[in-house]
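Let me begin by presenting the structure, written as structure tokens, before commenting on it.
Coordinate-derived values only; no laboratory data. All figures in this text were calculated on a predicted structure; none of them were measured in a lab. Here Cβ is always computed from backbone atoms with ideal geometry, including for glycine, and neighbour counts include all displayed protein chains.
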Ligand code: GUN
């Protein structure tokens, strides 16, 4: 059996530590950390993710301020709200759940968030800091969560061949930049136009898959004893949640693998709390 990278358990441990830290601030008479969470429309998956994020905030003692806006919200209205939250000293972080309705320009919205409150790390300034190896930026939650999990399980990243499947701004690109930082690993980024995906994935010491295609990765595509990180969360017709990796088919060939659910997902949420607290600490810590 491979090592199962238990993101659920690790995230619970980290959340307990964060809760204690927040309690120490409160006992000193400081205000609670606060995260504004904006959801536009009623995408069912987004509603679930936002609920989980807010529940985790409450658990550790971060106030979550909810802004549930109708699908018909205009870009101007959304930008106005962000402007107000940018100017509110009692708001530490601002999160706009993606995807946004198609009539709203996502990039314009991301760029409207004060980079110092950008808990998702999607603002070009934070992306640029990650790309140039500066340490004072905010790292996007899923890559950060994966990194924390790899370090917790003492999985070596130095000099490894890493293959990231998926080149999104949310996961694939920042994940590859994180592995590339300090010339840590050798990184290949694959995407939907990659020829012969298998030729690349087969060479990976560490394979990260984030494309949203159920069971895309099968045992013939992975290297023996490699580490497989599955970011996919796909709901099948029967309601079952599966990743982008065919877990049962792959597990006996690899040395470590994340389950879905209970792997990367909870680490993403805990990283949001970590990012919110880092911002708060800069002001109060
Ligand atoms: N949609 C899917 N993943 C994310 C994320 O990490 N942050 C936000 N804001 N939206 C998302």
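Below are the figures for this structure:
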{"read-out": "Residue in the range 105-120 that is surrounded by the most Cβ atoms within 10 Å (Cβ to Cβ), counting only those that are assigned to a loop (DSSP other than H, G, I, E, B) and more than 13 Å from the ligand (Cβ to nearest atom)", "value": "114"}
{"read-out": "Filtered residues of the range 182-193 (kept if crowded, with 17+ Cβ neighbours inside 10 Å and more than 19 Å from residue 217 (Cα to Cα))", "value": "185"}
{"read-out": "Only listed residue being assigned to a loop (DSSP other than H, G, I, E, B), free of Cβ contacts under 8 Å to residues at least 40 places away in the same chain and within 16 Å of the ligand (Cβ to nearest atom), chosen from 211, 260", "value": "260"}
{"read-out": "Which numbered condition residue 180 fails, given (1) more than 16 Å from the ligand (Cβ to nearest atom); (2) within 18 Å of the chain's Cα centre (by Cα); (3) part of a helix (DSSP H, G or I); (4) touching a residue at least 12 places away in the same chain (Cβ under 8 Å)", "value": "(4)"}
{"read-out": "Residue in the range 89-101 that is within 16 Å of the ligand (Cβ to nearest atom), in contact (Cβ under 8 Å) with a residue 60 or more places away in the chain, within 20 Å of residue 209 (Cβ to Cβ) and out of contact with any strand residue (DSSP E or B) (no Cβ under 7 Å at 6 or more places or on another chain) present", "value": "yes"}
{"read-out": "Qualifying residue in the range 233-246 (condition: within 16 Å of the ligand (Cβ to nearest atom) and part of a helix (DSSP H, G or I))", "value": "no"}
{"read-out": "Sole exception among (1) without any contact (Cβ under 8 Å) to a residue 60 or more places away in the chain; (2) within 16 Å of the ligand (Cβ to nearest atom); (3) crowded, with 19+ Cβ neighbours inside 10 Å for residue 144, by number", "value": "(1)"}
{"read-out": "Some residue of the range 185-200 being within 14 Å of the ligand (Cβ to nearest atom) and assigned to a helix (DSSP H, G or I)", "value": "no"}
{"read-out": "Test: residue in the range 36-44 that is in contact (Cβ under 8 Å) with a residue 24 or more places away in the chain and exposed (fewer than 12 other Cβ atoms within 10 Å of the Cβ)", "value": "yes"}
{"read-out": "Residue within the range 50-57 that is surrounded by fewer than 15 Cβ atoms within 10 Å (Cβ to Cβ), free of Cβ contacts under 8 Å to residues at least 12 places away in the same chain and under 21 Å from the mean Cα position of the chain (by Cα) present", "value": "yes"}
{"read-out": "Pick from the range 149-175, criterion assigned to a helix (DSSP H, G or I) and away from the ligand (no atom under 16 Å from the Cβ), ranking: nearest to residue 210 (Cα to Cα)", "value": "150"}
